[in-house]
Each structure stands twice: as structure tokens, then as C-alpha cells.
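Undergrad: This is the structure I want to talk about, given as C-alpha cells.
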Amino acid sequence: VEHALRQAAALMRRSLHAVALVGAGLSAESGIPTYRGAGGVYERFGEPTIDGWELFTHDPAEWWRQAIAHETAGSPFSEAIERAAPNAGHYAMADLEQMGRLAHVITQNIDNLHAVAGSRRVTEIHGNRYKVRCIECGARERLETVNLDRLPPSCPVCGGLYKNDVVMFGEPIPRDALEECYRQALAADLFLTVGTSAVVYPAADFPVLAKRRGAPLIEINPEETALTEISDVVIRAPAGVALPALVDLLLVP
Ligand code: NAD
């Protein structure tokens, strides 16, 4: 791990546009369970149903009623997110951005912890659970400011339907986010994957795309992933340990 960290730091020093793809593993040390992997939500509760998006397109008012009822009833997963605070890994990513070592973060997490930790250049490819999004024009707004007395709520900009920003199975990735991700993958001269099993598409494509254009890949994950084989540097450590260690190495002139 020591050696891999030094190799990663050397690559980051040489890089002008490093991009990271982040998965649920980064927030694991904040007490939010991952979906896949040991102890993950899928292992304990099974895979989610895939009819959410269909229900939304057929009966958005009913979808909202169910979503509100679900939130009111609470679930171990959403309660863990509500309670969570950023961990050392989130703060280290914000530090790397501040130090000019990390140009952009593409996160699959919906928990808002990058923003809380101070990262600014972040694309939330699967949305943010504290926001709603207009499915017509893509405008986003904080959920807590939306009037839910009349369902379904609609967009004050274009009148389109509002939906929670979190992208469900079957739902297309919002266009603005997807375009930004491709821009970043193509601009990257170094690509880090952090705490992602890299099996959810299209997110898992971005590192592959960057690699094809010559960007070295750094993987930070305690377990093997779908990307391990094509990674140039593999750091087998928790993100909350590896990322602060990288910051420390980069602080030394
Ligand atoms: P995943 O659940 O499929 O995989 C998690 C990965 O994290 C695994 O490879 C595991 O080995 C690794 N991991 C576990 N602990 C780690 C640690 N301390 N440090 C580094 N890595 C660690 O996650 P995914 O690939 O992000 O895809 C799952 C989907 O689930 C995403 O689309 C995301 O939207 C959603 N999700 C979000 C959250 C969140 O917002 N915090 C949590 C769970 C799932």
C-alpha cells in the first residue's frame, strides 16, 4: 500500500487534469451502507424493484405519495444518510481540489457529503437526495423549498414535472450531468476510481474511456473490482485512509 500510494502521488504531481469517479465506498466510513459488497444493502434486503420509473411516468402523483410515505416511515438506509457527516476521505478530496491536484469529481453518491466537505467541482450522476429536478428542463431545487400540498409538484421555470433528483433504475441519466461526465472523462490525463465496484453503467465507462485516451488509472478500494485489471496503480485500503495519505504525500514539496 505504501508503494502504491507513492506511485499515485507521483502520477498526481505530473497530472494537469485529474478526474475521480466515486462510489458508495467513500461514504461507507460515514456509516452509510454500500449497495454491493459485504454487508451491503443488496445482500441484506435484496435488489430493488425496477418499476419506480414506470410508476412515475404513468402516475406521478401516486409516485410522489409513495415517496413521501416512504420517507415518513423511514428506512435504515435513509436514516443512515440523514445522520452521516463527511469522513476523512471526503475532506481529503476537497483538499486535493483546493491544492489544484483534482480537477473534477464524478460521484455516484446521492448523499451530498462532497458538498458538505467543501468540494466544489462535483457532478452527481445519480442525483442528490436533498433536491428535486424538472424532468423536462433539468432545473433543480432544494426539496425542502418545494410545496408538496398539491401533487405532483411542477417546475416554476417550464411547468414540467418535478421528481426527486435521485436517478432510479430505468430512468435516463439527466443530460446535463451525463454530458459533463463525458467532457471530464475526455479531458482527464489521470483518472482515479474511489470506492466503486464499477458495475453500474454508464458510470463505469468513464474510467475506461479516459484510459483509452492514455490517462493512467488509480484504484482506491479495499476489494478487487471490475477495473482492477486495467488499473495502473491499485491502492488496497479504505478511502478514509488512502486519500488523506495521498494529501500528506502531495503536501511535501
Ligand atoms: P457499490 O455499492 O456497488 O460498491 C461499493 C464499493 O465500495 C465496493 O467495491 C467496495 O469494495 C468498496 N468499499 C467499501 N468500503 C470502502 C472503503 N472504506 N473505502 C473504499 N472503498 C470501499 O457502489 P457503487 O459502485 O457506488 O454503485 C452503487 C450505486 O448505489 C450507486 O449508483 C449509488 O448511486 C448508489 N448508492 C449511493 C450511496 C450514497 O449516496 N452514499 C450509498 C449506497 C449506494
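The values are calculated or read from the model by the stated rules, or taken from the named source; none is laboratory data. Note that the structure is a prediction, hence the values are computed from the model and not measured. Please note: Cβ atoms are built from the backbone with ideal geometry, for glycine as well, and neighbour counts cover all protein chains shown. What goes into the accessible areas is simple: the full protein's heavy atoms, side chains included, and nothing from ligands, DNA or RNA. Shrake-Rupley method; radii C 1.70, N 1.55, O 1.52, S 1.80 Å.
Undergrad: Between residues in segment 192-214 that are at positive phi and aliphatic (A, V, I, L, M) and residues that are assigned to a helix (DSSP H, G or I) and surrounded by fewer than 22 Cβ atoms within 10 Å (Cβ to Cβ), which pairs lie under 7 Å by C-beta distance while being six or more apart or on different chains?
TA: Final answer for the pair search is none.
Undergrad: Being among the charged types (D, E, K, R) and away from the ligand (no atom under 15 Å from the Cβ) is the filter; apply it to segment 200-236 and report the residue that is nearest to the chain's Cα centre (by Cα).
TA: This residue is Lys211.
Undergrad: To continue, here is another question. With modelled with pLDDT of 95 or more and under 17 Å from the mean Cα position of the chain (by Cα) as the only criterion, which of Leu161, Leu178, Leu186 stands out?
TA: Of the residues listed, the single one that is modelled with pLDDT of 95 or more and under 17 Å from the mean Cα position of the chain (by Cα) is Leu178.
Undergrad: On to the next question. For segment 133-155, name all the residues that are closer than 24 Å to Ser30 by Cα and in contact with a strand residue (DSSP E or B) (Cβ under 9 Å, 6 or more places away or on another chain).
TA: Arg142, Leu143
Undergrad: To continue, here is another question. Anything in segment 229-250 that is touching a residue at least 12 places away in the same chain (Cβ under 8 Å) and either in contact with a strand residue (DSSP E or B) (Cβ under 6 Å, 6 or more places away or on another chain) or closer than 25 Å to Arg213 by Cβ (or both)? List them, or say none.
TA: Selection gives Ile230, Ser231, Asp232, Val233, Val234, Ile235, Ala239, Ala242, Leu243, Leu246, Leu250.
Undergrad: Which of the residues that make up segment 86-99 are open to solvent by 60 Å² or more (accessible area, probe 1.4 Å) and in a loop (DSSP other than H, G, I, E, B)? Break it down into steps so the answer makes sense when it comes.
TA: So in segment 86-99, the residues open to solvent by 60 Å² or more (accessible area, probe 1.4 Å) come out as 91, 95, 98-99.
Within segment 86-99, Met99 is the sole residue that qualifies.
Undergrad: Going by what's in this entry, would Lys163 be described as over 24 Å from Ala94 (Cβ atoms), in contact with a helix residue (DSSP H, G or I) (Cβ under 9 Å, 6 or more places away or on another chain) and part of a helix (DSSP H, G or I)?
TA: no
Undergrad: While we're looking at this one, here's another question. Step by step: first the residues of segment 154-199, then only those that are β-branched (Val, Ile, Thr) and open to solvent by 40 Å² or more (accessible area, probe 1.4 Å), then the one that is farthest from the ligand (Cβ to nearest atom). Which residue is that? Walk me through it before giving the result.
TA: First, the residues of segment 154-199 that are β-branched (Val, Ile, Thr): 157, 166-167, 173, 193-194, 196, 199.
Within this subset, residues satisfying the condition of being open to solvent by 40 Å² or more (accessible area, probe 1.4 Å) are 157, 199.
Numbers: Val157: 26, Val199: 6 Å.
It comes out as Val157.
Undergrad: Continuing with the same structure: Select from segment 68-82 the residues that are within 23 Å of the chain's Cα centre (by Cα) and not in a loop (DSSP other than H, G, I, E, B) and list them in ascending order.
TA: His70, Glu71, Pro76, Phe77, Ser78, Glu79, Ala80, Ile81, Glu82, listed by residue number.
Undergrad: Separate question: Cβ-Cβ below 8 Å, separation at least six or inter-chain, first residue in segment 69-91 and aromatic (Phe, Trp, Tyr), second in a helix (DSSP H, G or I): which pairs?
TA: Final answer for the pair search is Phe77/Val41; Tyr91/Ala117; Tyr91/Pro244.
Undergrad: Right, another one. From Pro253, Pro202, grab the single residue that is out of contact with any Phe, Trp or Tyr (no Cβ under 7 Å at 6 or more places or on another chain), part of a loop (DSSP other than H, G, I, E, B) and open to solvent by 70 Å² or more (accessible area, probe 1.4 Å).
TA: Residue meeting the stated conditions: Pro253.
Undergrad: Does Arg65 satisfy the condition of being at pLDDT 95 or above, outside any strand (DSSP E or B) and open to solvent by 10 Å² or more (accessible area, probe 1.4 Å)?
TA: Against the criterion (at pLDDT 95 or above, outside any strand (DSSP E or B) and open to solvent by 10 Å² or more (accessible area, probe 1.4 Å)), Arg65 does not qualify.
Undergrad: Tell me, which residue of segment 83-113 that is among the hydrophobic types (A, V, I, L, M, F, W, C) and within 13 Å of the chain's Cα centre (by Cα) is nearest to Ala9 (Cα to Cα)?
TA: Among those residues, the one meeting the criterion is Met93.
Undergrad: Any residue that is of a type in the set (S, T, N, Q), outside any loop (DSSP other than H, G, I, E, B) and at pLDDT 95 or above - is there at least one of those in segment 22-30?
TA: Within segment 22-30 (the criterion being of a type in the set (S, T, N, Q), outside any loop (DSSP other than H, G, I, E, B) and at pLDDT 95 or above), the answer is yes, since at least one residue qualifies.
Undergrad: Return the pair list, or none, for Cβ contacts closer than 9 Å from residues in segment 128-143 that are among the small types (Gly, Ala, Ser) to residues that are open to solvent by 60 Å² or more (accessible area, probe 1.4 Å) and away from the ligand (no atom under 16 Å from the Cβ), at least 6 apart or on different chains.
TA: Close Cβ pairs (under 9 Å, with a partner that is open to solvent by 60 Å² or more (accessible area, probe 1.4 Å) and away from the ligand (no atom under 16 Å from the Cβ)) amount to Gly138/Arg175; Gly138/Asp176; Ala139/Pro156; Ala139/Val157; Ala139/Cys158.
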